[in-house]
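Let me begin by presenting the structure, written as structure tokens, before commenting on it.
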Amino acid sequence: MSVLVVDAGRVGGQLVSLYGDKPVHDWPGYHHIIAADLAGHLVEHARLLEVEMVGNRKVLDVTRRDGGFAVMARDVVTGEEHHHEANAVIIAIGGGAFEPRRLKVPGEAGLGEDQLTYRMPDRATAAGRRVVVVGGGDSGLESAQSAHEAGGRVTMLQVLDRFTGMETNIDKVNQMEIPRHFNTRVKELELQDGRLHAVVAQTKGAPSPLRLECDYLVVNIGAAVNLDAVKRWGIETEGNQIKVDPSMRTSVEGMFSCGDIVTYEGKYKLLITASSEGAVAANAAYVHVRKPARLTMGELYT
């Protein structure tokens, strides 16, 4: 089949755009591989299969046309519109279109990516700097590990009374003896000449605020998912996810979905699960487009 992958960010998806430096431990065949490297292997495999891929092109509209779909996408850099025809559409947008949650404190607005990031910290930027990581889930714990390994002087702030990530991530942060403050909420960012100088936070029950000198702030406190576009296309959602059946079919005929964005009974958010769902969605799309005499997944492969 002729296949086009349209990505709003860099080709390789969120493994590259959001988690490039993050180690991956749940991909078969690799005990440890960096997310961007894994994405590179997947992209190269797709290229060898002659899959066309374009990045920095955000899909804004999908409409019915002549038994298929008209897909309109806009270049995020130039603003140029691109129109694509499709007999089937697979939505594989990871966690979805989202905005990272911000601290909403004085001094936050206007800081550049070299001073404040809501993603994994850039290792080169973290090296030798005073790094404060806000958040105690897996993203925060992994950010702290990465910055520490890169040579940053790391301190963690967590609004709860404990970390909430996987035991393995908590154990690694403990082994690294990374300082942390629980029950602590950021109140203000101190700037000097437009540059981040310190983080002011308040620990519950403490008589006075905590002041941490900082020139690189990492905020990992979740994200607000926006599925407005998907809903406009008529697709049924449940919470912040797309509902699918066992064949990865959405509520719209000819539109399929897979990966972290989908929900069904027994769903696990793992890379290998997402890949399995991708295979199911691709085969279901094949059946929809080609309408072979053999219609079920079992019959196709027996």
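The values are calculated or read from the model by the stated rules, or taken from the named source; none is laboratory data. All values derive from a computational prediction rather than experimental measurement. Reconstructed Cβ throughout: ideal geometry from the backbone, glycine too, with neighbour counts over all protein chains shown.
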State yes or no: is G12 at pLDDT below 95 and closer than 24 Å to V244 by Cβ?
-> yes
Within the stretch 15-29, considering residues that are at pLDDT 80 or above, over 15 Å from K269 (Cβ atoms) and not aliphatic (A, V, I, L, M), the one nearest to the chain's Cα centre (by Cα) = P23
State the number of residues belonging to the stretch 266-292 that are without any contact (Cβ under 8 Å) to a residue 12 or more places away in the chain and under 22 Å from N226 (Cα atoms).
-> 3
Qualifying residue in the stretch 31-52 (condition: under 18 Å from E142 (Cα atoms), in the same structural domain as G234 (by TED's automatic domain parsing) and in a loop (DSSP other than H, G, I, E, B)) = yes
Which one of these is among the hydroxyl-bearing types (S, T, Y), modelled with pLDDT of 95 or more and assigned by TED's automatic domain parsing to the domain that holds E142: S251, S208, S257?
-> S208
State all residues of the stretch 236-263 that are of a type in the set (S, T, Y) and either touching a residue at least 40 places away in the same chain (Cβ under 8 Å) or touching a helix residue (DSSP H, G or I) at 6+ places or on another chain (Cβ under 8 Å) (or both); if no residue qualifies, say none.
-> T237, S247, T250, S257
Every residue from the stretch 150-184 that is surrounded by fewer than 16 Cβ atoms within 10 Å (Cβ to Cβ) and of a type in the set (D, E, K, R) = D161, R162, E167, D171, E177
Elements of type strands (runs of 3 or more DSSP E) in the stretch 193-283, at least 3 residues being β-branched (V, I, T) | 195-203
Identify the single condition in (1) in contact (Cβ under 8 Å) with a residue 24 or more places away in the chain; (2) surrounded by fewer than 16 Cβ atoms within 10 Å (Cβ to Cβ) that A126 does not satisfy, given that it satisfies every other one.
-> (2)
Would you point out the residue of the stretch 64-104, among those that are modelled with pLDDT of 95 or more and β-branched (V, I, T), that is surrounded by the fewest Cβ atoms within 10 Å (Cβ to Cβ)?
-> V71
